[in-house]
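Input: a single structure, listed below in structure tokens.
The values are calculated or read from the model by the stated rules, or taken from the named source; none is laboratory data. Keep in mind that this is a model prediction, so the values were computed, not measured. Because the Cβ atoms are built from the backbone with ideal geometry, glycine has one as well, and the counts that use them run over all protein chains shown.
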Amino acid sequence: MSVELAVQDIIAISTDIDPGKTDLDADLFEHGLDSLQVTLLVKGTNDYLSSLERGEVIKTEYVAENSEQMMRKLYNANIGNLPMARSRTIQNTSENTVALLTGPTGSLGAFGVVTTIIHNAWRVDFNLTVESFALDRAAVTSLVDFAARSNFGAKIFFLSSIGAVANWQSVSGGSESIPEAIFDEWKIPDRTGYAQSKFISERVLDTAVREVGVVGVVCRLGQISGPTTAAGVWPKREWLPSLVASSKYMGKVPDSLGKLETIDWVPVNPAARCVVELATHSRGEASRAGALVYHVVNPETCRWAELLPIVGKMLGGPEKVTLTAWVEALHETVSQTNDLERNPAVKLVDFFDNLASDVYR
């Protein structure tokens, strides 16, 4: 059976989508794919790959190379939509900052009064490919056009992710401290579509700063955790709360978090204050040298192993296993779709596969 037919069979069995009426390169999420169906697709795909003969397995190097080519293609397409540089007179502003915060709607507001654009609107879904973030990436070029036409030369403050530079150490052979700079090596972002789309948009904004003349800042956020107050919680749908809940469900907890072993999480309330301070500290000036870059991570770090006794006690003493063994146990629960509330990590099984794999390190 060809790979194409195998893919169609897996889609037909795992989802409500008719593969005969869907292009092979279509975005299945646009055809109604949900998180539960993703887990079934992953299981079906893994079963198929396991059945292949040794020589039939697609090489990781090929997959990575194809991914890099796609990122390069999308970057070139996005910069092709940037506005032309134009001569204009920037009006003097008062001491007040008029900030525009983009939310889920991506609303732009009135460009006549805005001095700072904090761009936060982005889908957080680690199951999507980089192509699926087309609207998110297009919003960046739209904001560049908005800033280029604004009366006060609005600064674009783009909230990116540390995931956009997750592989910097392995690619560069550098130290653990990642420079606050824009990178042009396509191997640097994590292999999730989310991280790759952020990396592409960082480069698009940097290009816009140098070629269009807008003011641009990239702020790479580390892992944002729950608040320091009792008034809120860490959203249960995110990976760490899901890991904890599923560990309780399976009676097993991983003794490592792989490449996320270092705990430098930032509680959401101080993270928000930090972003506001960085975004409004100074208006900045357009610089042909490129976008400014800031990293927001917790300088006080620890290891997952230090938190494990507390987590284990909270969960009632689950068995400590390797991350690989934990992910394997998670895979065994994929078919138990009636327990998603107690076993939410099953919806992020691909993310945890990546976490346990050396491929993305």
Q) For Phe152, which of the numbered conditions (1) touching a Gly at 6+ places or on another chain (Cβ under 9 Å); (2) buried (at least 23 other Cβ atoms within 10 Å of the Cβ) fails to hold? A) (2)
Q) With respect to Leu323, is the statement that it is outside the structural domain of Phe126 (by TED's automatic domain parsing) and out of contact with any Pro (no Cβ under 9 Å at 6 or more places or on another chain) true? A) no
Q) Which of the residues belonging to segment 240-255 are over 21 Å from the mean Cα position of the chain (by Cα), on the phi < 0 side of the Ramachandran plot, not charged (D, E, K, R) and not in a strand (DSSP E or B)? A) Ala245, Ser246, Ser247, Tyr249, Met250
Q: Test Gly213 against the criterion of being in contact with a helix residue (DSSP H, G or I) (Cβ under 6 Å, 6 or more places away or on another chain) and touching a residue at least 24 places away in the same chain (Cβ under 8 Å), and give yes or no.
A: no
Q: Would you check if Arg237 is over 22 Å from Ser177 (Cβ atoms), modelled with pLDDT under 90 and among the basic types (Lys, Arg)?
A: yes
Q | Subset tally (residues that are among the hydroxyl-bearing types (Ser, Thr, Tyr) and out of contact with any helix residue (DSSP H, G or I) (no Cβ under 6 Å at 6 or more places or on another chain)) for segment 245-267 | A | 3
Q. Would you pick out the residues in segment 321-346 that are in contact with a Lys or Arg (Cβ under 8 Å, 6 or more places away or on another chain) and of a type outside the set (Ser, Thr, Tyr)?
A. Val321, Ala325, Trp326, Ala329, His331, Val334, Leu340, Arg342, Pro344
Q. Within the bounds of segment 316-336, is there any residue that is among the acidic types (Asp, Glu) and out of contact with any Gly (no Cβ under 7 Å at 6 or more places or on another chain)?
A. yes
